[in-house]
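Report on the structure given below.
The values are calculated or read from the model by the stated rules, or taken from the named source; none is laboratory data. The shown structure was predicted, so the numbers you read here are calculated from the model rather than taken from an experiment. Please note: Cβ atoms are built from the backbone with ideal geometry, for glycine as well, and neighbour counts cover all protein chains shown. Please note that ligands, DNA and RNA were not included when accessible areas were found on the heavy atoms of the full protein model with its side chains. Shrake-Rupley method; radii C 1.70, N 1.55, O 1.52, S 1.80 Å.
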Amino acid sequence: MIPESDPWLILLVVVPLLAAPVCVLLRSAGGAWSLATAVSWAVFAIALKLMDTVMEHGQAVYRIGGWDAPWGIEYVLDPVGAFVVVIVAAIGAIILPYAKRSVEKEIRRDRIYLFYTMLLLCLSGLLGITVTGDAFNLFVFLEISSLSSYVLISLGNDRRALTASFRYLIMGTIGATFYIIGVGLMYQVTGTLNIADLKTIMPAVEDTRTIHAALAFLTVGISLKLALFPLHMWLPNAYTFAPSVVTAFLAATATKVSAYILLRIMFTVFGAVDLFESFPLQPVLIIMALAAMFLASLSAIWQENVKRMMAYSSIAQIGYIVLGIALATEAGITGGVIHMFNHALMKGTAFMAIGAVVYATGAVTLKDLEGIGKRMPMTMAAFVIAGLGLIGVPLTPGFVSKWQLVSASLEVDMWPLAALILLSSLLAVMYIWRVFEVAYLRQPQTPLQNTREAPLSMLLPTWVLAALAIYFGANATFTLDLAHAAAQQLMGGY
Amino acid sequence: MLFSYLSEAQAIQLAVILPLIGGLLVMWMGERNRNLRETVSLVTAVAEFILVASLTSEVLDGARPSVDLFTMLPGLAVTLTVEPLGQLFALIASGLWIINTVYSIGYMRGNKEGNQTRFYVCFTIAISAAVGIAYAGNLLTLFLFYEVLTISTYPLVTHSGKPEAIRGGRVYLGILMATSIGFLFLAMLWTYNLTGTLDFVEGGILAGQVQGPELAVLLLLYMYGIGKAALMPVHRWLPAAMVAPTPVSALLHAVAVVKAGVFSVVKVVVYIFGLDMLNTAHSDDWLLFIAGFTIIAASIIALRQDNLKRRLAYSTVSQLSYVILATAILAPISIVGAVMHIAAHAFGKITLFFAAGSIYTAAHKTEVSQLDGIGKRMPFTMAAFGIGALSMIGIPPTAGFISKWYILSGALETGEAFAILIIVASTLLNAGYFLPIVYAAFFKEQKPRPEDDPYHKYDNHGEAPVAVVLALCFTALGTILLFFFPDVPLALGRALVGG
Amino acid sequence: MFDWSSLKDYAGLLNYWVVIVLMMSGFYVVIAQHNMIKKIVGLNIFQVSVFVFYISMGKVDGGSAPILKDGIDVYSNPLPHVLILTAIVVGVATTALALALVVRINHSYGTIEEDEIQAIEHDEEDIA
């Protein structure tokens, strides 16, 4: 039974892709913003529609050009993909209204329309990665999103944004090239690029050295994009010097999509073979994840620049996601997937709040932000919510993720792992509390005397995300069930 | 039912939410109309107490009304269930909140403290969390409100904003968060992993699921995870929190935070482990020793403190471990004693802290050595202090006598010689660090301060402001009344172990 | 005696040896060179190795042009070539972007040597 082609699936990717050059033609900052915002909301609506379809039918399919798989390129959306698509689209829809004011102060006026162009391209690329069912097509979208990210980062008004972008470019391209080597090796042995097809053929060829090499290249390549320790070096600078909107957007989406690619490779492409039997992938990933959790959290404690602190925090959170995935049990993958969602909520809120502070004060270091809690109470309240989430206090999504991850560790009797997860949460207390103390317990210095609360167009999206965070922290049944369904699907079959 | 138009479920939910509504109103009123703001605080407190009290009769009749708030995780809801122990804690918290509010008004205005709105708002959140802990129907709910209590009391501890307050706040938060996330969360998940549930059930849910050394470790995780019970060595947050203004100390050390700690200890022992299970397993012997050690060690440290509040802080550490010791004995009658002691200590300690704050407000004195002859200038305050001290020592006609009696009976019944020894020794120590203060206050001459002392002008002080004195007289009276009318706490205690 | 047949097998894999050499030298240049233009060149060499790899593995011995015609059974596989064209385009875009960044960096810092830039950045204050 060949499922019907669902055109919404291709529209999801094509609409922002086509809107991007229109932005270039529009030239004006306001016009570009309007178009981009309208497109992002349309994309979000499409994403919700697709999620609905997936929940009803189990998957959505689109064959490009009408060619059947595996000869043609097929787009497939399953529960995991739908989940990620909704996350990316939602973040896009929330960020764009926020972006209008934020970029006014951080990007040169005559370049703003280019910013929106790149943002739409990035959105299209990220969505394309998630919905494609073809390994090489994935590379194409990976590069679309990456190249646009490089440009987005370089738009920051500090000249270090340029070098940060360059470094990210170098590392990212190496990562993508490794990925393509892996795909090439797999193609050499299996003769197909279609992910579902690869899964069927893999058991026959899994013991070849070629496949082992392919897996190695794929993992390293994706880890570079994922900023998994020790391949994370591009992230702190990139997040710190990019415009705040860009940081918020990328922090909440790009790494999640890279984690999705890892899931796809490990559990779909290699889903029909026992991946960990012949390959010591699990211990390697777990050790790297633990290292990320601890070393990055420790680094965060010593940072003076709030954006850089949050960047290191992101690296630690990616460690949690990979830990869940590496456990390779239903509970573990549920933990990894739910943390993708929860982290997007929390980090998105945090970076948007920081962006609002930057907009209002121009300052981003702790010593310039003393007493900011009194001047911008609403903004900092949103940051507090995000911070409490990172610590893992109940009623925040971070608590739900920790719960799931520790449960998953206990289920497989990995006690030390559970203890380490909780220990690293305590490190989060230390760096979050530094920000709280400075923001609330110190007096505002003279430069901050005239600071007022952020404009509504920035405050509202930040609070929408913060409110969503609290909602999904208090009532996590829906999202956990979704994540669980996704995990079951990944463990059970494509 | 006092509120006949409120269903049971609504009443329980309202009990948790009402303080928050009050808090919102207070926040809205802000600094604009301070008298109105204070009135709202008081009215909310009174309404809360009436609401909580209305549930008492049902609980004593055997009913266990329950309501689910929302489902946080699949299969795990945030649930509120009213049972005897919780009802007692809720009664104490809401009742003493009224008196604490009266006291706070007098203290904050008398000392011209800043940020009063923030103070009152955080208070309401803390009380809401305390009632939430009291009525928690499962461990998840308990943990949730436990964390909310920690976070909402942090701004109260660091109220003054001075460097030592910030440092104290760090120790406070650091220890409480580290223990709750590091130990309690782990214990909770371990329990869930073993049993598939987190509900508080009579007889416990762990029977048969865990034995031997694992049981001891699980118990250890719980006991140290509940950092608010101040078991050594995680007790350091208590003296560190003394940097807070006295109404906060009274709240922390008598009404909400420490009571939440020992309450959680008793609740976990009775409803998660089950008395029978622990009795047969002998895995809690270590708890007996550590509680006993804490009692004695804290008392010895208290002896050597000159700062009055610090002395009271270490006394609290010691008294809390009485409750833990009583629980560890595992005899029903000692558990009743533990429950009674939660009530007795609450009244006694709050009186002592009120007195300390009163002394500071009127005379700006903080050290025990300065208190010579102060009884002549502040007779009400020092009389109340005396009553509170007697309750701590356990001398009739104060409530502390009754609880100690029950605990001793339990120890005698089970033949726990160690516990008997500890109780006797600590009684002597308590007398050692409380009675001299009372003696010096009434029977020694006041030592005037040197001319260059900034507080020299306060030497000719009288009593503290009316609100302050009123509050402490009330609680002192309560301590004595509780001796003569201990029915409600005792009944609740008996319902806990009998029912 | 010396195993000539396996040597011939290895020699037949000449393309792959070239791939490895190019990949490693490209990678080395990217990591070791301080000059940004040279880094980009290294990146290009690295990517070229991948192109050679795909083309080499996509070769069908004795295959004719991929146009259907009666009487011909073995066709060349057009897919790897298509993949490589895509990858080349991506590579070109990346290189263009990288070069544009280098131009801006040179304009901002006055140098394109990474160690010099790091030294300059090290002394800079944190601004938003």
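Structure notes:
- Residue satisfying all of: in the range B:464-489; outside any helix (DSSP H, G or I) and closer than 21 Å to residue B:349 by Cβ; nearest to the chain's Cα centre (by Cα) among these: B:486
- Top-ranked residue of the range A:8-66 - restricted to ones that are outside any helix (DSSP H, G or I) and not small (Gly, Ala, Ser), ranked as surrounded by the fewest Cβ atoms within 10 Å (Cβ to Cβ): A:27
- Of all the residues in the range B:387-400, those that are open to solvent by 10 Å² or more (accessible area, probe 1.4 Å) and at pLDDT 85 or above number 4.
- For the range A:428-446, the criterion of being more than 14 Å from chain B (Cβ to nearest Cβ) and under 30 Å from residue A:361 (Cα atoms) is met by at least one residue.
- Extreme residue, farthest from residue B:160 (Cα to Cα), among residues of the range B:73-117 that are in contact (Cβ under 8 Å) with a residue 40 or more places away in the chain and of a type in the set (D, E, K, R): B:83
- Of all residues making up the range B:79-104, the number that are in contact with a Ser or Thr (Cβ under 8 Å, 6 or more places away or on another chain), open to solvent by 10 Å² or more (accessible area, probe 1.4 Å) and part of a helix (DSSP H, G or I): 2
- Residue under evaluation residue A:5, criteria (1) open to solvent by 10 Å² or more (accessible area, probe 1.4 Å); (2) within 30 Å of residue A:157 (Cβ to Cβ), criterion not met: (2)
- Cβ-Cβ under 7 Å pairs, at least 6 apart or on other chains, the range B:136-154 side at the interface with chain A (Cβ under 9 Å from one of its Cβ atoms), far side part of a loop (DSSP other than H, G, I, E, B): B:140/B:198; B:143/A:394; B:144/A:394; B:144/A:395; B:147/A:393; B:147/A:394; B:151/A:393
- Listed by position, the helices (runs of 4 or more DSSP H) inside the range A:354-463 whose residues that are open to solvent by less than 30 Å² (accessible area, probe 1.4 Å) and modelled with pLDDT of 85 or more number at least 3 are A:377-391, A:397-411, A:415-441.
- Taking the range C:34-61 as the range and being more than 21 Å from residue A:188 (Cα to Cα), in contact (Cβ under 8 Å) with a residue 12 or more places away in the chain and of a type outside the set (Val, Ile, Thr) as the test, the residues that pass are C:34, C:35, C:36, C:39, C:42, C:43, C:44.
- Filtering the range B:473-493 for residues that are touching a residue at least 12 places away in the same chain (Cβ under 8 Å) and among the charged types (D, E, K, R) leaves an empty set.
- The criterion of at least 3 residues that are open to solvent by 80 Å² or more (accessible area, probe 1.4 Å), within 12 Å of chain A (Cβ to nearest Cβ) and out of contact with any Pro (no Cβ under 9 Å at 6 or more places or on another chain) is met, among helices (runs of 4 or more DSSP H) falling completely within the range C:16-128, by C:78-109, C:114-122.
- The single residue among B:229, B:241, B:165 that is open to solvent by less than 10 Å² (accessible area, probe 1.4 Å), at the interface with another protein chain (Cβ under 10 Å from one of its Cβ atoms) and modelled with pLDDT under 90 turns out to be B:165.
- Some residue of the range B:322-334 being more than 25 Å from residue B:216 (Cβ to Cβ), in contact with a helix residue (DSSP H, G or I) (Cβ under 6 Å, 6 or more places away or on another chain), open to solvent by less than 10 Å² (accessible area, probe 1.4 Å) and small (Gly, Ala, Ser): no
- For residue B:176, the test of being of a type in the set (A, V, I, L, M), open to solvent by less than 10 Å² (accessible area, probe 1.4 Å) and not in a helix (DSSP H, G or I) is failed.
- Filtering B:43, B:16 for residues that are closer than 20 Å to residue B:121 by Cβ and in contact with a strand residue (DSSP E or B) (Cβ under 7 Å, 6 or more places away or on another chain) leaves a single hit, B:16.
- Residues that are over 18 Å from residue A:175 (Cβ atoms) and either touching a Gly at 6+ places or on another chain (Cβ under 7 Å) or among the hydroxyl-bearing types (Ser, Thr, Tyr) (or both), drawn from the range C:10-53: C:10, C:16, C:25, C:33
- Residue pairs whose Cβ atoms lie under 9 Å apart, sitting 6 or more positions apart in sequence or on different chains, and linking a residue in the range A:195-223 that is within 16 Å of residue A:277 (Cβ to Cβ) to a partner that is among the acidic types (Asp, Glu), are A:206/A:274; A:212/A:206.
- Hits in the range A:469-485 (condition: part of a helix (DSSP H, G or I), open to solvent by 30 Å² or more (accessible area, probe 1.4 Å) and out of contact with any Pro (no Cβ under 7 Å at 6 or more places or on another chain)): A:470, A:471, A:478, A:484
- Checked against (1) part of a helix (DSSP H, G or I); (2) within 12 Å of chain A (Cβ to nearest Cβ); (3) surrounded by 19 or more Cβ atoms within 10 Å (Cβ to Cβ), residue B:159 passes all but condition (1).
- Residue B:114 meets each of the listed conditions (1) out of contact with any Ser or Thr (no Cβ under 8 Å at 6 or more places or on another chain); (2) surrounded by fewer than 24 Cβ atoms within 10 Å (Cβ to Cβ); (3) more than 28 Å from residue A:374 (Cβ to Cβ); (4) small (Gly, Ala, Ser) apart from (3).
- Among the residues of the range A:287-307, not a single one is within 14 Å of chain C (Cβ to nearest Cβ), open to solvent by 20 Å² or more (accessible area, probe 1.4 Å) and basic (Lys, Arg).
- Of the helices (runs of 4 or more DSSP H) lying entirely inside the range A:128-235, those containing at least 1 residues that are facing chain C (nearest Cβ under 8 Å) and buried (at least 24 other Cβ atoms within 10 Å of the Cβ) are A:135-154, A:160-190.
- Candidates A:387, A:392: the one that is more than 9 Å from every other protein chain (Cβ to nearest Cβ) and of a type outside the set (Asp, Glu) is A:387.
- Verdict on residue B:37 being modelled with pLDDT under 80, over 18 Å from residue B:149 (Cβ atoms), among the basic types (Lys, Arg) and over 24 Å from the mean Cα position of the chain (by Cα): no
- Considering the range B:363-415, and only residues there that are outside any helix (DSSP H, G or I) and free of Cβ contacts under 8 Å to residues at least 24 places away in the same chain, the residue that is farthest from residue B:468 (Cα to Cα) turns out to be B:415.
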